[in-house]
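**Student:** My questions will all concern the structure given below.
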Amino acid sequence: MKQTDLFLKTKKQALKDDTSLNSQLLYRAGYIDKTMAGAYALLPLGLQLHNNICNIIRKEINLLNAQELKLNILTPKENWVKTDRWDNFDALFRFKSSYGSSFALGATHEEIITPLAKDFIKSYKDLPFALYQIQTKLRDEARPKGGMLRLREFTMKDLYSFHENRQDLDKYYEKVKKAYLKIFKQLKLKVYAVEASGETFSNLSHEFLTPLEIGEDEILVCEKDETHFCKKSDHGEIQTCPVCKSNIKKIKVAELAHIFKLETKFSKAFDVNYLDKQGKQNLVYMGCYGIGISRIIGILAEKFADDKGLSFPNSVAPFSIHLVPLYTKEAKVNKKIQDQILKIYDKLVKSNISVLYDNREVSNSIKLVESDLIGIPYRIVISEKTLENNSFEFKERNKKTAKIIPLKNFNEKLIK
């Protein structure tokens with residue numbers, strides 16, 4: 001894409017009422033716009049980043065034999081009353097229509113997916129199955145903070161599975177855990193899968209946490225080998241590792257995902273049963289598996305930023321290459337630079353490599369500064385200097401120095 005065609009204006013000024021690094025950089029780089037506290041609009045760069053994350057998630061969740069759907073955001077009061085969460089879900093947006101009916105905005109979707117599944121399930125032959133969605137969620141957070149990390153309006157992938165018994169649920173739960181680890185590896189995020197605490201489901205749930213200085217949680221891990229011991233810090237302090245007796249260290253972390261063994265909590269509320277092989281009615285066992293996509297955007301922005309701006313992994317970045325010509329005051333030289341840059345641009349496009357070509361009439365310094373701010377993984381520069389050597393400058397965003405590579409050696413495979 002040519003940069004003049006992209007809906008993008010970077011900003012020098014930071015948000016006045018938002019101190020988090022992730023939202024400041026995403027705003028200044030043109031990925032998001034702040035609508036109000038706890039709600040950000042995704043601009044084209046931000047939406048492409050969001051969609052690339054979703055594509056990684058979809059690929060792995062589809063391999064779990066789960067099917068995608070999209071449920072309503074507008075949900076009826078009576079479903080929440082059945083699960084006793086109409087009055088007990090603090091962050092639930094509740095309202096009454098002009099015609100007297102009461103509704104809630106979808107903060108989570110157990111109350112919708114469970115009665116939907118009930119219409120499908122008749123006997124053991126209908127089980128197991130799994131459904132998921134990538135959907136907007138709305139929660140009435142009292143104090144949204146941390147930029148994209150804690151929002152009132154956000155995107156989540158939520159997967160729901162339905163089983164004959166606890167054993168089958170346990171097997172699927174373990175498969176989801178492995179799939180999540182694969183997802184976060186592709187996102188270049190170090191992750192700890194930690195048994196959750198202080199939750200309704202207690203030992204029936206796990207949180208997926210990544211090290212982050214502004215994270216709201218702390219975990220305790222073994223200094224020598226983190227696989228020996230890893231617990232939420234609110235489990236209490238263990239002074240030494242119970243396995244190897246090494247010291248324990250504290251790590252600040254942020255939540256990426258949370259998974260639950262719901263067991264029969266919601267199937268009981270909606271009377272979701274199946275007939276087993278003996279003709280006996282049994283409650284269906286359920287699991288719920290969430291990933292916070294909006295949170296991941298904020299966490300990636302925090303973890304991969306430097307003093308120049310953003311620096312996204314190629315697996316999720318809105319473009320793989322930023323193609324930047326650096327012009328001079330001489331028209332003949334500029335014509336050669338443009339001819340060379342267009343040849344490279346055409347080759348990249350034909351090779352299906354996502355490329356942003358900075359064809360704007362702005363200074364060279366602005367091009368380079370804004371390129372660093374936007375955080376595209378790789379930058380190719382053609383300038384008077386590279387023309388002299390019949391070469392191009394290739395720089396990885398997360399490295400300090402660039403490489404000068406002969407044009408004859410140009411190969412789209414250098415994009416990792």
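**Student:** Under 10 Å from the Cβ of Asp217, count the other residues' Cβ atoms, weight Lys and Arg +1, Asp and Glu -1, and hand me the total.
**Tutor:** Charge balance near Asp217 sits at -3.
**Student:** Could you give the angle, 0 to 90 degrees to the nearest 10, between helix 44-62's Cα long axis and the longest principal axis of the Cα atoms of the chain?
**Tutor:** 50
**Student:** Spit out the partnerless Cys residues in the chain, using Cβ distances under 4.7 Å as the pairing rule.
**Tutor:** Cys54, Cys230, Cys244, Cys288, each lacking another Cys Cβ under 4.7 Å.
**Student:** Loop only per DSSP, at most 16 neighbouring Cβ atoms within 10 Å: give me the trypsin sites (Lys or Arg not before Pro) in the range 274-308, ordered by residue number.
**Tutor:** Listed in order of number, the matching sites are Lys277, Lys280, Lys308.
**Student:** Still on this model: Using alpha-carbon pairs under 8 Å, 6+ residues apart, how would you state the relative contact order of the chain in percent?
**Tutor:** Computed over the chain, the figure is 16 percent.
**Student:** If you don't mind, there's one more thing I want to ask. Using per-residue counts of other Cβ atoms within 10 Å, averaged over each peptide, order 314-320, 212-218 from highest down.
**Tutor:** The most tightly packed comes first, giving 314-320, 212-218.
**Student:** By counting other Cβ atoms within 10 Å of each Cβ, how are Ser102, Ser97 ranked from fewest to most?
**Tutor:** So the residues, fewest neighbours to most, are Ser97, Ser102.
**Student:** Ok, one more. With charges only on Cβ, +1 for K and R and -1 for D and E, what is the dipole size of the range 321-414 about its Cα centre, in debye, rounded to 20?
**Tutor:** 240
**Student:** A further question follows. What lysines does Lys245 reach when the alpha-carbon gap must be under 21 Å and sequence neighbours fewer than 8 apart in one chain are set aside?
**Tutor:** Lys224, Lys231, Lys232
**Student:** In addition: What does the charge add up to near His50, with Lys and Arg as +1, Asp and Glu as -1, over the other residues with Cβ less than 15 Å from its Cβ?
**Tutor:** Neighbourhood net charge equals +2.
**Student:** Then there is this: Let me have the 222 nm mean residue ellipticity of the chain computed from DSSP H runs of 4+ only, each contributing -39500 (n - 2.57), with the sum over all residues rounded to the nearest 500.
**Tutor:** It lands at -8500 deg cm²/dmol.
**Student:** Considering the options Pro377, Val272, Phe93, tell which one lies farthest towards the positive end of the dipole of the chain, charges being +1 on Lys and Arg and -1 on Asp and Glu at the Cβ, about the Cα centre.
**Tutor:** Pro377
**Student:** Working from Cα positions, state the angle (0 to 90°, nearest 10) between the long axis of helix 293-303 and the longest principal axis of the chain.
**Tutor:** Tilt of helix 293-303: around 50 degrees.
**Student:** Follow-up. Can you give the direction-averaged projected area of the convex hull of the alpha-carbon atoms in the range 265-327, in nm²?
**Tutor:** 8.6
**Student:** Using the per-residue mean of other Cβ atoms lying within 10 Å as a proxy for protection, in what order, highest first, do the peptides 119-132, 258-271 fall?
**Tutor:** The most tightly packed comes first, giving 258-271, 119-132.
**Student:** What fraction of the Cα pairs in the range 1-106, stated in percent, has a spacing above 20 angstrom?
**Tutor:** Tail of P(r) above 20 Å: 63 percent of Cα pairs.
**Student:** Another question, if that's okay. Provide the convex hull volume over Cα atoms per residue for the range 207-315, in Å³.
**Tutor:** Taking only Cα atoms, the range 207-315 has a hull volume of 197 Å³ per residue.
**Student:** Same structure again: Taking N as the number of residues in the chain, what is its Cα Rg relative to 2.2 N^0.38 Å?
**Tutor:** Normalised Rg, Cα atoms only: 1.15.
Laboratory data are not the source of any read-out in this text; all were calculated from the coordinates shown. Since we're looking at a predicted model, the values are computed, not measured. Ideal geometry is used to build each Cβ from the backbone, glycine not excepted, and the neighbour counts take in all protein chains shown.
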